[in-house]
1. Return the residues of the range 1-15 that are part of a loop (DSSP other than H, G, I, E, B) and either in contact with a Gly (Cβ under 9 Å, 6 or more places away or on another chain) or surrounded by 10 or more Cβ atoms within 10 Å (Cβ to Cβ) (or both); say none if nothing qualifies.
2. Mind checking which pairs have a first residue in the range 16-44 that is modelled with pLDDT under 90 and a second that is of a type in the set (A, V, I, L, M, F, W, C), Cβ under 6 Å, 6 or more apart or different chains?
Amino acid sequence: MFQETPVYDRLVAERGDIPVQVRGEADRIHRDLARVLPRMSPSQPGAPQSVFEPKQLPTAW
């Protein structure tokens, strides 16, 4: 399916598979956050869709 990537293979051999490590850390952080952050239903008024979104957008002047 994919062509051989000798440069990437050599980097993985030298430095480790960084994308796999980053995905693993992201999954771990996601699990940790799911345990400590209160669960809010998206149907609740003012509930953010994501922990990174503001609850309300600032009003325009």
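The values are calculated or read from the model by the stated rules, or taken from the named source; none is laboratory data. Remember, predicted model here, so these are calculated numbers, not experimental data. Cβ: placed from backbone, ideal geometry, glycine included. Neighbour counts: every protein chain shown.
1. Taking the range 1-15 and keeping what is part of a loop (DSSP other than H, G, I, E, B), we get 1-5.
Passing the criteria: only T5.
2. Close Cβ pairs (under 6 Å, with a partner that is of a type in the set (A, V, I, L, M, F, W, C)) amount to M40/A47.
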